[in-house]
Amino acid sequence: MSVKREERPVVRRAPRRIQGLFVAAVLATGGLIVRLGYMQITQGQSFQSEVSVQNYDTIHIAGPRGWIYDSEGDVLAADKAVFAIVYIRYTNDAPSASIVAKRLAPVLGQKPGVLLNTMINSYQGFATVTLVHSATPEEIAYVAEHRNSLPGIVMITKPTRVYPQGSLAAHEIGYIGPIPPSAASTFAAQGYDPNALVGLYGLEAQYQNYLRGRAGADKIPVNPAGVPLSGGTIHLPAQAGDNLVLNMNGYLEKVAEQALISRIKYLKYTLNEPNVHSGTIVVLNVHTGAVLAMASYPSFKPQWWMGGISSAHYQQFLNNEAGVNRAISGLYMPGSVQKPLTAMAALMNHEMTPGMLVNDQGGLQIGNYFMHSWNQSGFGVIGLKEALEVSDDTYFYQVGLNMGHYNVNNPPQNVQKWLTGPRVKALQQLQNMGKQFGLTSPTGVDLPGENTGYVTFANPPTLYDLPAAAIGQEEAYSTIGMATYAAAIANGGYRYQPQMVHEIVSPSGKIVKLFKPQLIDKVNVKPAYLKLMRQGMEMATHGSLGTATYFFGNDPNNVAAKTGTAESGLPGRNNSVFIGFAPYNNPQIAVAAVIPDVTGEGFRAAAPMAQIVIDAYFKEHGKHWKA
């Protein structure tokens, strides 16, 4: 499928030139500044001819890691050059070492005798000793200016990871760190240095094989005692890793994260909701599956992990579960967001008709149990689209019972047989329809840690768990799954794989890999039924009794949506869930949002922050993303 101009992210190329300057600096200094002493450069071919008769000590030169950009070319993760000052111990060089120590010690803030002892006696058996791991600009300038009077002193350039946007998109970008002991053998088999830093989370881990730089080295000839020999140093240049260009728009991501945090704080402190502390938002392009924004709170700063995370930050990371990307790993009971799926499953299995009417009297008697509707006064006789508009529970209780062939006026004589037969089959129908939409199957998003949603098959079973499942009280879905579900309803039934990365680009600017939209499947739902769902969702935001009309009735972006309220697991607390797409007549984006552990109806928590994100998208779209 070709990608329309307006569906492709616009990438500014200027920042790549900045990166090019950095990469050039790292690679050039690895080949030039590193040889400030007595070192001579020879070619790798010469090394091959001499290696059999000579021993070499090695100074490893880390390869710069690839950068990560948002869709506009703004840098989300980069490498910064750090210089190490290294001393090479040449034969009979003690007098020179004493002179070097006297000259260099004041610059490094050390006593000459202490520095000399480090130069001569530290790390016996090695040809080199690192004097400074991260040199200051003043130290770098001094060594560069006085290189001819500092024999044996060289500077090694090494990259360090920086995340210039702070916590923005932290769960998506991830972080790097030392190779875990459990994975040491795997990385060793791939040629990694044991001291290498690798992606441990998020895109840094998912695309490690592309982002990783290839290490270079300086091979210093040594005698059998390990003492360096003059001349014959072999320089093997480091290679920079490939860069990621994301579908994510940094501006929209920032809006989503701020909307989420602001809503949580408002609920927690203004409305006195002490249990509210987390939430998620996902925004997808409905025609490609491109992930335009993905917010999860609480969050963290990837920079915490560089140089070793502090105990305070690590406790914050653990205690608030800040390391959990709730957008893909969190599973939430969906509530009434389930109702379109229930209707589609029943329609496609011929368990209801589009014109089915139910007389809602405020609930439904099922055996000895009366299941209340949220509106205990009832809506009277109501049809499918109107039931979606007002989110009528009684209507969908009946749809669920129809799927299980349970007649409340003539219940089955063998209830146990019904519980293990028709009831299970009906739940399986809901589960199978969920798989088509990415709710009960993996969405395939290119991030590690995705959890798959599910339908609960209660054990022991009850008469009322099937109608409860019909209104979203027996399922658990991820936010990314619900966004995929909303997108497929919006676009006519095409389920696309959510995609974080748009393209992978080499350091020279060549496209290594372009990620085209991946169509997972075409859902087995008649177009007329999908149209009914869209109409019902539009009525929910514009109808006189629509559950989200208060927020979207006058919204200029013509949003269609479904809100949901479901038990969160805490007594008296609910998940506030929202799915929607816009514009109704020409869908471009789908949004899913969740805030768990609120009191009252769910629409008041998730819907307002979703509206902020939707409005921001179209405001920005008009400025920058027009074809």
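The values are calculated or read from the model by the stated rules, or taken from the named source; none is laboratory data. Note that the coordinates shown come from a computational prediction; the quantities given were computed from them, not determined experimentally. FYI the Cβ positions are ideal-geometry reconstructions off the backbone, even for glycines, and counts take in every protein chain you see. Ligands, DNA and RNA are stripped out before the accessible areas are found, and what is left, the full protein with its side chains, is counted by its heavy atoms. Shrake-Rupley method; radii C 1.70, N 1.55, O 1.52, S 1.80 Å.
Assuming residue 419 fulfils every condition listed in (1) out of contact with any helix residue (DSSP H, G or I) (no Cβ under 7 Å at 6 or more places or on another chain); (2) open to solvent by 20 Å² or more (accessible area, probe 1.4 Å); (3) more than 30 Å from residue 207 (Cα to Cα); (4) of a type outside the set (S, T, N, Q) apart from one, which condition is it?
With respect to (1) out of contact with any helix residue (DSSP H, G or I) (no Cβ under 7 Å at 6 or more places or on another chain); (2) open to solvent by 20 Å² or more (accessible area, probe 1.4 Å); (3) more than 30 Å from residue 207 (Cα to Cα); (4) of a type outside the set (S, T, N, Q), residue 419 is out only on (2).
Looking only at the stretch 395-414, count every residue that is buried (at least 16 other Cβ atoms within 10 Å of the Cβ) and more than 38 Å from the chain's Cα centre (by Cα) and tell me the total.
The total comes to 6.
Could you list all residues from the stretch 62-88 that are in a loop (DSSP other than H, G, I, E, B) and open to solvent by less than 30 Å² (accessible area, probe 1.4 Å)?
Passing the criteria: 63, 64, 65, 66, 67, 70, 71, 72, 73.
Any residue at all in the stretch 291-301 that's within 32 Å of the chain's Cα centre (by Cα), without any contact (Cβ under 8 Å) to a residue 60 or more places away in the chain and open to solvent by 30 Å² or more (accessible area, probe 1.4 Å)?
yes
Could you check the stretch 503-525 and list, in sequence order, the residues that are surrounded by 14 or more Cβ atoms within 10 Å (Cβ to Cβ) and in a loop (DSSP other than H, G, I, E, B)?
506, 507, 515, 517, 518, 523, 525
Considering each of 322, 295 in turn, give the residue that is of a type outside the set (S, T, N, Q) and part of a loop (DSSP other than H, G, I, E, B).
322
Identify the residue in the stretch 99-150 that is modelled with pLDDT of 90 or more and assigned to a loop (DSSP other than H, G, I, E, B) and, among all such residues, is most open to solvent (accessible area, probe 1.4 Å).
111
Considering the stretch 302-325 alone, what residues qualify as being open to solvent by less than 70 Å² (accessible area, probe 1.4 Å) and touching a Pro at 6+ places or on another chain (Cβ under 6 Å)?
322 - this is the single residue of the stretch 302-325 that is open to solvent by less than 70 Å² (accessible area, probe 1.4 Å) and touching a Pro at 6+ places or on another chain (Cβ under 6 Å).
Select from the stretch 529-577 the residues that are open to solvent by 40 Å² or more (accessible area, probe 1.4 Å) and assigned to a strand (DSSP E or B) and list them in ascending order.
Scanning the stretch 529-577 gives a single hit, 567.
Scan the stretch 348-358 and tell me whether some residue there is within 30 Å of residue 528 (Cβ to Cβ) and assigned to a helix (DSSP H, G or I).
Checking the stretch 348-358: at least one residue is within 30 Å of residue 528 (Cβ to Cβ) and assigned to a helix (DSSP H, G or I).
Any idea which residue in the stretch 433-444 is farthest from the chain's Cα centre (by Cα), counting only those that are open to solvent by 10 Å² or more (accessible area, probe 1.4 Å) and more than 14 Å from residue 344 (Cβ to Cβ)?
The residue in question is 441.
Return the pairs, sorted by first residue and then second, in which the second residue is open to solvent by 80 Å² or more (accessible area, probe 1.4 Å) and not in a loop (DSSP other than H, G, I, E, B), the first residue lies in the stretch 351-380 and is within 27 Å of residue 526 (Cα to Cα) and aliphatic (A, V, I, L, M), the beta carbons are less than 7 Å apart, and the residues are 6+ apart or on different chains.
Correct list of pairs: 357/381.
If the requirement is being touching a strand residue (DSSP E or B) at 6+ places or on another chain (Cβ under 8 Å), at pLDDT 85 or above and at negative phi, which of these qualifies: 251, 207, 266?
Result: 207 is the single residue among 251, 207, 266 that is touching a strand residue (DSSP E or B) at 6+ places or on another chain (Cβ under 8 Å), at pLDDT 85 or above and at negative phi.
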